[in-house]
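Right, one structure below, let's go through it.
The values are calculated or read from the model by the stated rules, or taken from the named source; none is laboratory data. Just so we're clear, the structure is a prediction, and the values are computed from it rather than from any experiment. Neighbour counts run over all protein chains shown; Cβ positions are idealised from the backbone, glycine included. In case anyone asks, the SASA skips ligands and DNA or RNA and just uses the protein heavy atoms, side chains included. Shrake-Rupley method; radii C 1.70, N 1.55, O 1.52, S 1.80 Å.
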Amino acid sequence: YNIRSAEAYQMWFKGVTNPNKRIYDIINSIIHYNPEGLPVIINRNPTIQYGSILQMYVVGINDNFTMSIPLQILRPLAADFD
């Protein structure tokens, strides 16, 4: 888009609270560049076992500041529905 990095950061920062179609399209293109999705690391503190750290793939985005994960990974993370 031929803008400075400071302008891009301001656009992203505003896009976190106010939906911005341009930012949404950029993030989706980054996610869908890899057929599996965008790799990320999920960690639940305290990290007592290696099972508390998982690599997952981002396959889409939502607009409610939450992360949806498969229920099957709750046991290795020693997590529940609190």
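On a 0 to 90° scale, report how tilted helix 21-33 is relative to the longest principal axis of the chain, with both axes built from alpha carbons and the result rounded to the nearest 10.
On a 0 to 90 degree scale, this one is about 50.
Under a 1.4 Å probe, what is the accessible area of the chain per residue, stated in Å²?
Numbers: 7180 Å² over 82 residues.
Solvent-accessible surface per residue comes out at 88 Å².
Using just the Cα positions, wrap the chain in a convex hull and report its mean projected area in square nanometres, one decimal place. Walk me through the numbers on the way to the answer.
Values: hull surface 28.9 nm².
That works out to 7.2 nm², a quarter of the Cα hull's surface.
How far apart, in nm, are the 7 Å Cα→Cβ label points at Ile48 and Lys21?
5.0
If one takes the longest principal axis of the Cα atoms in the chain, at what angle in degrees, from 0 to 90 and to the nearest 10, does the Cα axis of helix 5-17 lie?
Taking the Cα atoms of the chain, the angle to 5-17 is about 60 degrees.
At 1.4 Å probe size, with the rest of the protein present, what percent of the exposed accessible area of region 1-70 is carbon and sulfur atoms?
Its accessible area is 58 percent carbon and sulfur atoms.
Got a sec to turn the phi values of region 55-60 into Karplus ³J(HN,Hα) couplings, 6.51 cos²θ - 1.76 cosθ + 1.60 with θ = phi - 60°, whole Hz, x for Gly and Pro?
3J(HN,Hα) across region 55-60, in whole Hz: 9, 10, 10, 7, 10, x.
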